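Data block below; observations after.
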Amino acid sequence: MRLQLTFACGQYDRVIALQDGSISPEGIDLNFVPMLPTELFRRQARHAEFDVAEFSLSTHAILADQGDRRLVGIPVFPSRRFRHSEFFVNTGAGIREPRDLIGKRMGVMEYQQTAAIWMRALLQHDYGVRPDQIEWYFGGYDKPENYTERVPIELPSGVHSTTIASHQSLDQLLDQGEIDALMGPTAPPSFLRGSPSVARLFPNHREAEIEFYRRTSIFPIMHMVVIKREVYEKAPWVAESLYKAFVAAKAEGRSRLRRSGHLYCSLPWLRVHLEETDALLGGDPFVYGLEENRKLLETFVDYSLEQGMIGRALTVDELFAPETHGSVDPRSP
């Protein structure tokens, strides 16, 4: 009897084989539910709505710190991203370098976002700008919305914040100069439409990201995969079965990208991109597994503690199902 499980996730090359059924976890039938992270993370954090789900690394750590055990992690990381490219400034705010952010007004969609933790750590450790030296503004990122946290958190006492009105957006305020800077998951609409009032803090972001990686070996993890605890406790074997299927699906995705004779995705220089990535990041920049990512995960936990997102020094082992602690992910060619 195979388990029937819902699986909500973004549609990445790393998981498409699970969606189209060419890879199937042993003993499990997955009902793939395509969903963007913003909606998915709130629904999963509040209601544990899906049996298996892509999930925020930061929110998983916060829930663990709060004693919320509804979700069990497996060391599968479908989303990683460098973030220098996603700091934006109002061109009239006098911000020429990161240290100019001190005393300025910074918008962010959610303080607890994984991306925001990595980005604040970048500002603090590489440029000497602490979170308590910035005025934080929360609200809808690219369009007006009623702001609510995906899970309640208490900001550190030295961090000052304002929630913008529900009829405003952070993008709008940046373009109008009512906030000085913005950091987030992607480029805001004002920048994409070419507003002269909005520019990147790091115009040479690709070079900055390459230098950052060469110096730190950090390719930041954004998302992981979680299982509802009630599913896991009834059938603990699902953790290892799912892990193995995710590894196989990622290998299949990489194989499809590298097929010769045609382009798998709409990038004219796909082969060049792959060769450059291999030269810098090695054979598989999206490597899964706890041991393969232990140092990186410990760094993230340290940053979360430093920024007051968690109140104790979590061990990375407690974030993941014990059945997956010894799992390995052979690097794909």
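Tabulated data for the structure shown
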quantity: Count - residues of segment 171-192 that are surrounded by fewer than 16 Cβ atoms within 10 Å (Cβ to Cβ) and in a helix (DSSP H, G or I); calculated: 2
quantity: Selected residue (only one of Arg120, Arg105 is charged (D, E, K, R), touching a residue at least 60 places away in the same chain (Cβ under 8 Å) and touching a helix residue (DSSP H, G or I) at 6+ places or on another chain (Cβ under 6 Å)); calculated: Arg120
quantity: Some residue of segment 17-35 being assigned to a helix (DSSP H, G or I), out of contact with any Phe, Trp or Tyr (no Cβ under 7 Å at 6 or more places or on another chain) and within 16 Å of Thr114 (Cα to Cα); calculated: no
quantity: In segment 1-60, residue farthest from the chain's Cα centre (by Cα) [restricted to those that are of a type in the set (Asp, Glu) and under 30 Å from Ala121 (Cα atoms)]; calculated: Asp13
quantity: Among the residues listed as His60, His125, the single one being in contact (Cβ under 8 Å) with a residue 40 or more places away in the chain and either assigned to a helix (DSSP H, G or I) or among the aromatic types (Phe, Trp, Tyr) (or both); calculated: His60
quantity: Extreme residue, farthest from the chain's Cα centre (by Cα), among residues of segment 232-288 that are of a type in the set (Ser, Thr, Tyr) and not in a helix (DSSP H, G or I); calculated: Ser260
quantity: Members of segment 39-50 found to be loosely packed, with under 15 Cβ neighbours inside 10 Å and either in contact (Cβ under 8 Å) with a residue 40 or more places away in the chain or not assigned by TED's automatic domain parsing to the domain that holds Gly67 (or both), listed by number; calculated: Arg46
quantity: Residue match in segment 219-228 (condition: in contact with a Gly (Cβ under 7 Å, 6 or more places away or on another chain) and in a helix (DSSP H, G or I)); calculated: no
quantity: Subset tally (residues that are part of a helix (DSSP H, G or I) and in contact (Cβ under 8 Å) with a residue 24 or more places away in the chain) for segment 193-213; calculated: 7
quantity: Selection count where residues are modelled with pLDDT of 95 or more, closer than 14 Å to Ile221 by Cβ and in a loop (DSSP other than H, G, I, E, B), scope segment 289-333; calculated: 2
quantity: Subset of segment 230-251 [buried (at least 16 other Cβ atoms within 10 Å of the Cβ) and either acidic (Asp, Glu) or without any contact (Cβ under 8 Å) to a residue 40 or more places away in the chain (or both)]; calculated: Glu240
quantity: Options Lys234, Lys250; residue that is farther than 15 Å from Val328 by Cα and in the same structural domain as Asp68 (by TED's automatic domain parsing); calculated: Lys234
quantity: Segment 143-178, residues that are in contact with a Ser or Thr (Cβ under 9 Å, 6 or more places away or on another chain) and of a type in the set (A, V, I, L, M, F, W, C); calculated: Val151, Leu155, Leu174
quantity: Failed condition for Asp132, given (1) within 18 Å of Ala115 (Cα to Cα); (2) crowded, with 17+ Cβ neighbours inside 10 Å; calculated: (2)
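Each row is one residue, and each column tells you yes or no for (1) surrounded by fewer than 20 Cβ atoms within 10 Å (Cβ to Cβ); (2) more than 30 Å from Pro156 (Cβ to Cβ); (3) not aliphatic (A, V, I, L, M).
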| site | (1), (2), (3) |
| --- | --- |
| Gly253 | no, yes, yes |
| Ser260 | yes, yes, yes |
| Pro285 | yes, yes, yes |
| Leu296 | yes, no, no |
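The values are calculated or read from the model by the stated rules, or taken from the named source; none is laboratory data. Keep in mind it's a predicted model, so treat the numbers as computed, not measured. Cβ atoms come from the backbone with ideal geometry, glycine included; neighbour counts cover every protein chain shown.
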